[in-house]
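*Asks:* Below: one structure in structure tokens.
The values are calculated or read from the model by the stated rules, or taken from the named source; none is laboratory data. Being a predicted model, the structure only gives us computed values, none of them experimental. Cβ coordinates were reconstructed from backbone atoms using ideal geometry, including for glycine residues, and neighbour counts include every protein chain displayed. All accessible areas refer to the heavy atoms of the entire protein, side chains included, with ligands and DNA or RNA removed. Shrake-Rupley method; radii C 1.70, N 1.55, O 1.52, S 1.80 Å.
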Amino acid sequence: MDNIIPITYLNDFVFCPYSVYLHQIFDNNEDIVYHAEPQQTGKASHRTIDEPKTQKVKIIKGIYVLSYELGIYGKIDTFYPDEQRLVESKYRITAIYKGYYYQIWAQYFALTEMGYNVQELTFYSISDKKTFSVPVPQQPQYQELKQHIHTILHFDFAKPLTVNPAKCAKCIYASLCDKTNSDHVYA
Ligand code: SF4
């Protein structure tokens with residue numbers, strides 16, 4: 001695995017480590033090959049919010065961020081520099097999973113390393129327009145994130161995997177995964 005990994009791996013790995021392996025394999029394929037309908041819907045929704053018609057407040061959208069210290073890179077959704085607020089949008093949020101925290105923490109640390117001042121972190125659930133505020137990470141969260149990245153970098157993807165059929169049913173890689181015979185529920 002590369003020493004600098006995409007921020008999306010942080011959440012994918014929590015969901016299922018093998019999905020990170022599959023992500024690497026199919027990285028060069030067209031998204032349509034393996035993205036299930038909800039993901040396509042989510043992407044379309046992201047495009048909608050990525051392309052505002054008019055802007056009255058200063059907004060930074062979809063820029064790449066990079067942290068050399070953590071070894072991660074990726075895109076942020078939205079940053080409001082005047083409010084110093086970072087927003088991570090997802091199509092539908094019913095709970096703030098640990099993987100979501102790792103994603104927004106990584107974005108936060110990358111932005112601050114790049115010189116931005118970030119004072120507020122929020123998730124935005126596009127489908128029901130709900131906003132969830134989460135605390136700005138401190139040193140313990142930084143160390144936890146660093147450990148998570150270390151675990152991903154040193155994970156042995158060849159070792160036996162405990163498959164969770166409930167997760168496979170929701171996994172965008174299920175139809176391509178050799179660990180399950182079930183297709184994802186959206187196929
Ligand atoms: S289909 Fe199941 S085992 Fe395969 S990557 Fe997805 S969650 Fe993991």
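*Asks:* Against the condition open to solvent by less than 30 Å² (accessible area, probe 1.4 Å) and either more than 13 Å from the ligand (Cβ to nearest atom) or hydroxyl-bearing (Ser, Thr, Tyr) (or both), how does residue 121 come out, does it pass? Spell out the reasoning first.
*Replies:* On the way: open to solvent by less than 30 Å² (accessible area, probe 1.4 Å): yes; either more than 13 Å from the ligand (Cβ to nearest atom) or hydroxyl-bearing (Ser, Thr, Tyr) (or both): yes.
Yes, satisfied.
*Asks:* Tally up the residues in the stretch 51-65 that are at pLDDT 95 or above and among the hydroxyl-bearing types (Ser, Thr, Tyr), please.
*Replies:* Total satisfying the criteria: 1.
*Asks:* Further, regarding this structure: Confirm whether residue 161 is open to solvent by 40 Å² or more (accessible area, probe 1.4 Å) and either in contact (Cβ under 8 Å) with a residue 12 or more places away in the chain or more than 14 Å from the ligand (Cβ to nearest atom) (or both).
*Replies:* Values: open to solvent by 40 Å² or more (accessible area, probe 1.4 Å): yes; either in contact (Cβ under 8 Å) with a residue 12 or more places away in the chain or more than 14 Å from the ligand (Cβ to nearest atom) (or both): yes.
So residue 161 passes the test.
*Asks:* Further question on the same structure: Return the pair list, or none, for Cβ contacts closer than 6 Å from residues in the stretch 1-27 that are away from the ligand (no atom under 13 Å from the Cβ) to residues that are outside any helix (DSSP H, G or I) and modelled with pLDDT under 95, at least 6 apart or on different chains.
*Replies:* So the pair list comes out empty.
*Asks:* Exactly one condition in (1) surrounded by 14 or more Cβ atoms within 10 Å (Cβ to Cβ); (2) within 16 Å of the ligand (Cβ to nearest atom); (3) part of a loop (DSSP other than H, G, I, E, B); (4) not β-branched (Val, Ile, Thr) is false for residue 175; which is it?
*Replies:* For residue 175, the exception is condition (3).
*Asks:* Here's something else I'd like to know. Determine, yes or no, whether residue 82 is crowded, with 19+ Cβ neighbours inside 10 Å and either under 17 Å from residue 5 (Cβ atoms) or not aliphatic (A, V, I, L, M) (or both).
*Replies:* On the way: crowded, with 19+ Cβ neighbours inside 10 Å: no; either under 17 Å from residue 5 (Cβ atoms) or not aliphatic (A, V, I, L, M) (or both): yes.
For residue 82, the condition - crowded, with 19+ Cβ neighbours inside 10 Å and either under 17 Å from residue 5 (Cβ atoms) or not aliphatic (A, V, I, L, M) (or both) - is not met.
*Asks:* Which pairs do you get when a residue that is assigned to a strand (DSSP E or B), found in the stretch 69-93, comes within reach of a residue that is among the acidic types (Asp, Glu), reach meaning Cβ atoms under 8 angstrom, with the pair 6+ apart or on two chains?
*Replies:* Close Cβ pairs satisfying both conditions: 85/120; 86/120; 87/77; 88/77; 89/77.
*Asks:* Testing residue 137 on (1) within 16 Å of the ligand (Cβ to nearest atom); (2) touching a helix residue (DSSP H, G or I) at 6+ places or on another chain (Cβ under 6 Å); (3) free of Cβ contacts under 8 Å to residues at least 60 places away in the same chain, one condition comes back false. Which one is that?
*Replies:* Result: residue 137 fails condition (1) only.
*Asks:* Could you grab me the full set of residues in the stretch 94-115 that are open to solvent by 40 Å² or more (accessible area, probe 1.4 Å), outside any helix (DSSP H, G or I) and over 20 Å from residue 60 (Cα atoms)?
*Replies:* Selection gives 94, 96, 97.
*Asks:* Please go through the stretch 66-96 and give me each residue that is at pLDDT below 95 and closer than 20 Å to residue 151 by Cβ, ordered by number.
*Replies:* Hits for the stretch 66-96: nothing passes.
*Asks:* Quick check on the stretch 134-143. Is at least one of its residues touching an Asp or Glu at 6+ places or on another chain (Cβ under 8 Å), of a type outside the set (Phe, Trp, Tyr) and under 30 Å from residue 70 (Cβ atoms)? Explain how you work it out, then say what you get.
*Replies:* Step one: filter the stretch 134-143 for residues touching an Asp or Glu at 6+ places or on another chain (Cβ under 8 Å), giving 136.
Subsequent filtering for residues that are of a type outside the set (Phe, Trp, Tyr) retains 136.
After this cut, where a residue has to be under 30 Å from residue 70 (Cβ atoms) as well, the list is 136.
Yes, the stretch 134-143 contains a residue that is touching an Asp or Glu at 6+ places or on another chain (Cβ under 8 Å), of a type outside the set (Phe, Trp, Tyr) and under 30 Å from residue 70 (Cβ atoms).
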